[in-house]
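Novice: One structure is given below, represented as C-alpha cells, and several questions about it will come after.
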Amino acid sequence: MRHRLGLRAVLMDLMAGVEIKGDEAMIQVLAEFSKRNASHVKGILNLTIPLDESPVWILGQYLSQLGLSTESRRPMEDGQRIRYYRLNTEDVEFAQGDVYCSFTVLGRPIKRSLHL
C-alpha cells in the first residue's frame, strides 16, 4: 500500500534532505490517492484519512507510522512567509543508525557512534 501511495519516492527525497512546501505534485497525488482510498488505507494501514486534512498532515501521519516526523521553517519570500518542511534531523539519524553519544573523559569531549 505504501508503495502504491508513492510514499517510497517521497521518503527517499526527504531522507536526501529535500524540503517540501506541500504543493509539490507528488505530495498532492499522495494526498488525493489517500482520500480516494481512505477505507483501504484504514483497513490496511489502520490510518484514518479525513477528507478535509492537508497533504502535509496526511504525509505526517504516514511518517509517524514509520517513526519519523517533520520540522519546519518559515522564511520570508516576496513579502510572505512560506513554510518549508523537512524530516526531523534526529529521526533521520536514528533511522540511519547514526545515533551518537557525547561524553567527556578527563576533560576531553568524546563522540561515539551507537550502533543499534
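Novice: Note down all Cβ pairs under 8 Å where the first residue falls in the stretch 1-15 and is more than 18 Å from TYR85 (Cα to Cα), the second is surrounded by fewer than 13 Cβ atoms within 10 Å (Cβ to Cβ) and of a type in the set (A, V, I, L, M, F, W, C), and they're at least six residues apart or on different chains.
Specialist: Filtered contacts from the stretch 1-15: MET1/ILE44.
Novice: Determine whether the stretch 4-21 contains at least one residue that is among the β-branched types (Val, Ile, Thr), in a helix (DSSP H, G or I) and under 10 Å from the mean Cα position of the chain (by Cα). Give the derivation first.
Specialist: Pass one, the stretch 4-21, residues among the β-branched types (Val, Ile, Thr): 10, 18, 20.
Those left that are additionally in a helix (DSSP H, G or I): 10.
Add one more test, that the residue is under 10 Å from the mean Cα position of the chain (by Cα), and what stays is 10.
Among the residues of the stretch 4-21, at least one is among the β-branched types (Val, Ile, Thr), in a helix (DSSP H, G or I) and under 10 Å from the mean Cα position of the chain (by Cα), which makes the answer yes.
Novice: State all residues of the stretch 52-66 that are in a loop (DSSP other than H, G, I, E, B) and either among the charged types (D, E, K, R) or modelled with pLDDT of 95 or more (or both); if no residue qualifies, say none.
Specialist: As a first pass, look at the stretch 52-66 and keep what is in a loop (DSSP other than H, G, I, E, B): 52-54, 66.
Passing the criteria: ASP52, GLU53, SER54.
Novice: A follow-up question, please. Sort out which residues of the stretch 20-50 are within 24 Å of ARG83 (Cα to Cα) and surrounded by 14 or more Cβ atoms within 10 Å (Cβ to Cβ), and write them in order of number.
Specialist: Taking the stretch 20-50 as the starting set, the residues that turn out to be within 24 Å of ARG83 (Cα to Cα) are 20-35, 49-50.
Residues satisfying the conditions are ILE20, GLY22, GLU24, MET26, ILE27, VAL29, LEU30, ALA31, PHE33, SER34, LYS35, ILE49.
Novice: Still on this structure: Step by step: first the residues of the stretch 67-99, then only those that are part of a strand (DSSP E or B) and among the acidic types (Asp, Glu), then the one that is surrounded by the fewest Cβ atoms within 10 Å (Cβ to Cβ). Which residue is that?
Specialist: So the residue we want is GLU77.
Novice: What tally of residues in the stretch 34-43 results from selecting those that are closer than 15 Å to GLN65 by Cβ and in contact with a helix residue (DSSP H, G or I) (Cβ under 9 Å, 6 or more places away or on another chain)?
Specialist: Residues that pass the stated criteria total 2.
Novice: Being among the small types (Gly, Ala, Ser) and either within 14 Å of LEU5 (Cβ to Cβ) or surrounded by 15 or more Cβ atoms within 10 Å (Cβ to Cβ) (or both) is the requirement here; does GLY17 meet it? Outline the logic, then answer.
Specialist: Numbers: among the small types (Gly, Ala, Ser): yes; either within 14 Å of LEU5 (Cβ to Cβ) or surrounded by 15 or more Cβ atoms within 10 Å (Cβ to Cβ) (or both): no.
Here the answer is no, as GLY17 does not meet what is asked.
The values are calculated or read from the model by the stated rules, or taken from the named source; none is laboratory data. All values derive from a computational prediction rather than experimental measurement. In this analysis, Cβ positions are derived from the backbone assuming ideal geometry, glycine residues included, and neighbour counts consider all displayed protein chains.
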